[in-house]
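Single-structure report; data block below.
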Amino acid sequence: MRGQSLLKRYAYATATFIALTGLGTTTKSQDLPSYMAPISGRTVSSPADTAVKNVLALNTGMFELYDDAAKIFQGNILAKHPVILGLFSGAGGRFILYRPGVAALEAPSVPIVYQLLKSVDHSTMALSQVVGPYLDNPADQSWRGPMLAYRARMQSALAGLDGISMPPEWRDNDRIILQNNIAFMDDCLANGAISFAALEAFAKKQAPYLKEDIAWAAQTQVAHWMKVLADWKKMLSGDWDKTYAASNSIYATRQNNVLFSVLGQFFGPEAVNDRLILIETISFTMTPNDMMEALTRIIADRSDGALFFGNYYLMDYELMGGDARAAIVAESTKLGTKPFLPPLVPFGSKQWPMRITPGPGPSSIAELP
């Protein structure tokens, strides 16, 4: 914040200096002292260009005003409402509870066995990344070094598996996965080539064991967070009905999002897209501050929607979306094409913020052959 403040003051001082010295105007550069020569020059801006820039500056200036107001709004929200953030992480997620007048409370992490199961599964799927670029290409041996290094890690993990605390059935399953991984790598190294047929056979061999690990990891993660949220709901008591919650998701984790789905069990259908919000992002992880800022913006924009248009949830949607939809229909008519658009849903819809329309085909790993 201090650096940003210094930058703003520097920019202001520079602009003031330019205005006072006449730089950027029609002053001739030869009339200026020699030490000004490197940065002096004549600029040209037509009245129309200047008018456009002045109008566009209103939009850029808006964001600074938004940021300043958001800090106040966030303080007001946290002074009146408990807030739960469910953040994606490689450790099975993070849950943080904010309560008015009380220090933030972070829940205990998911038991480490969750990460162990996931790490073993990922080690198998990572092999496809190691060999993928070199399939059926024996002339290229650049894969050998990375594979030998990864094999050493795999062997170390297998050697220490008995020292890990987990149910015996889970350990036996992971031992088979690691042994199969090493056998596949040894075959590739011995043959000096990687065939797609060998990779495909390896994947099919490992799939049943991977499915077991995935199921156990999900059970571990869900059981942990369900208990945490049950305890928090009991602790908050009557304040639960005014609690906000948000979890984050990228595209790949949007469908059946674990953290959001667990939150949904405690908030119920009426809170979905109201007090329970899924925040989409371009990366797996977000900081708590980023999440809180995003949630604050959503809540604050709702007040704008009610103030200007009379609908509290309007700003949850693309503001121009409805008019753009009508424009698409009109333009499609001109082109002689049939519009392809999703059905209209009302502002304030309580539908899950992910695909909910049933259809044919498998929809879970358990349904795959």
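The values are calculated or read from the model by the stated rules, or taken from the named source; none is laboratory data. Given the structure is predicted, the values throughout are model-derived calculations rather than measurements. Cβ atoms come from the backbone with ideal geometry, glycine included; neighbour counts cover every protein chain shown.
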**OP:** Scan the range 149-165 for residues that are touching a helix residue (DSSP H, G or I) at 6+ places or on another chain (Cβ under 7 Å) and either assigned to a helix (DSSP H, G or I) or closer than 21 Å to A207 by Cβ (or both) and jot them down.
**Re:** Y150, R151, M154, Q155, A157, L158, L161
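One line per residue, one yes/no per condition, for (1) in the same structural domain as N173 (by TED's automatic domain parsing); (2) modelled with pLDDT of 95 or more; (3) closer than 23 Å to G75 by Cα:
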position: K233; (1), (2), (3): no, yes, yes
position: S247; (1), (2), (3): no, yes, yes
position: R302; (1), (2), (3): no, no, yes
position: L314; (1), (2), (3): no, no, no
position: Y317; (1), (2), (3): no, no, no
position: G322; (1), (2), (3): no, no, no
**OP:** Take the range 73-104 and flag every residue that is touching a strand residue (DSSP E or B) at 6+ places or on another chain (Cβ under 9 Å) and surrounded by fewer than 14 Cβ atoms within 10 Å (Cβ to Cβ).
**Re:** A104
Original post:
Quick one: what pairs do we get from the range 114-136, first residue within 17 Å of D172 (Cβ to Cβ), second crowded, with 17+ Cβ neighbours inside 10 Å and not β-branched (V, I, T), C-beta under 6 Å, 6+ apart or different chains?
Top reply: L117/D213; L117/W216; L117/A217; V120/D174; D121/L210; D121/D213; T124/N181; T124/Q206
Original post:
Here are some conditions: (1) surrounded by fewer than 10 Cβ atoms within 10 Å (Cβ to Cβ); (2) at pLDDT 85 or above. Q30 meets all but one. Which one does it not meet?
Top reply: (2)
Original post:
Considering K53, K118, which residue is of a type in the set (K, R) and closer than 25 Å to Y209 by Cα?
Top reply: K118
Original post:
From I112, I84, which residue is modelled with pLDDT of 95 or more and within 21 Å of the chain's Cα centre (by Cα)?
Top reply: I84
Original post:
Of all residues in the range 48-66, which are at pLDDT 85 or above and among the charged types (D, E, K, R)?
Top reply: D49, K53
**OP:** Go through the range 125-146 and give me each residue that's surrounded by 11 or more Cβ atoms within 10 Å (Cβ to Cβ), in a helix (DSSP H, G or I) and more than 31 Å from the chain's Cα centre (by Cα).
**Re:** Y134, R144
Original post:
Where in the range 180-286 are there helices (runs of 4 or more DSSP H), lying wholly inside it, with at least 1 residues that are loosely packed, with under 13 Cβ neighbours inside 10 Å, more than 23 Å from the chain's Cα centre (by Cα) and not small (G, A, S)?
Top reply: 196-236
Original post:
Is it the case that some residue within the range 154-162 is touching a Lys or Arg at 6+ places or on another chain (Cβ under 9 Å), surrounded by fewer than 20 Cβ atoms within 10 Å (Cβ to Cβ) and within 17 Å of Q129 (Cα to Cα)?
Top reply: no
Subject >> Odd one out for E280, checked against (1) free of Cβ contacts under 8 Å to residues at least 40 places away in the same chain; (2) farther than 23 Å from A69 by Cα >> reply: (2)
